[in-house]
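The values are calculated or read from the model by the stated rules, or taken from the named source; none is laboratory data. What you are looking at is a predicted structure, and each value in this text was computed from that prediction instead of being measured. Positions of Cβ are backbone-derived with ideal geometry, glycine not excepted, and every protein chain shown enters the neighbour counts. Each accessible area value is taken on the protein alone, full model and side chains, heavy atoms only, with ligands, DNA and RNA left out. Shrake-Rupley method; radii C 1.70, N 1.55, O 1.52, S 1.80 Å.
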Amino acid sequence: YGTLVVNCLGSLLIGLLMGYSLKTQNLSSHQLAFLVIGFCGGFTTFSTFSYENTLFLKSGDFLSFIGYTTASLVLGIGFVALGFWLVKFL
């Protein structure tokens with residue numbers, strides 16, 4: 001669950017940063033790249049997500065693999081959208 005939570009927080013932060021940048025135009029493309037790709041990319045854990053899914057597959061736990069992968073994708077996209085939405089209304 002730890003990896004899923006961190007990835008959801010990172011996705012929310014990306015949505016907030018991108019939404020803020022689009023709304024205010026206060027961040028340069030270099031600043032935005034540093035924050036989104038650099039900071040958020042380092043904060044989120046795709047490699048750990050991949051490793052954990054490999055363990056599910058190796059152990060034959062296909063239900064956990066499908067659930068974890070689906071939850072990660074749906075929640076990740078949802079949290080980015082939530083970040084955009086929050087900035088829009090703040």
Global size of the chain as Cα Rg and Dmax, reported in angstrom: 15.0, 49
Inter-label distance for Thr48 and Lys23, nm, one decimal - labels placed 7 Å from Cα along Cα-to-Cβ: 2.9 nm
Taking Cα atoms, how many degrees apart are the long axis of helix 62-89 and the longest axis of the chain, rounded to 10 and kept between 0 and 90? 10 degrees
So what's the angle, to the nearest 10 degrees on a 0 to 90 scale, between helix 46-59 and the longest Cα principal axis of the chain? 20 degrees
What FRET efficiency do you get for Leu63 and Phe39 if R0 is 30 Å and r is their Cβ-Cβ distance, rounded to the nearest 0.05? 0.30
Which one, Leu32, Leu17, Leu63, has the greatest fluctuation when you compute a Gaussian network model over the chain with C-alpha springs under 10 angstrom? Leu63
Per residue, what accessible area does the chain have, given a 1.4 Å probe and all protein chains present, in Å²? 67 Å²
Given the protein chains as shown and a 1.4 Å probe, how many square angstrom of Lys88 are accessible, to the nearest 10? 140 Å²
Can you quote the Å³ per residue value for the convex hull of the Cα atoms in the stretch 37-90, rounded to an integer? 70 Å³
Just to make sure I understand: if all protein chains stay in place, what is the order of Ile77, Ile14 by accessible area at 1.4 Å, largest first? Ile77, Ile14
Acute angle (nearest 10 degrees) that the helix 2-24 long axis makes with the longest principal axis of the chain, alpha-carbon atoms: 20 degrees
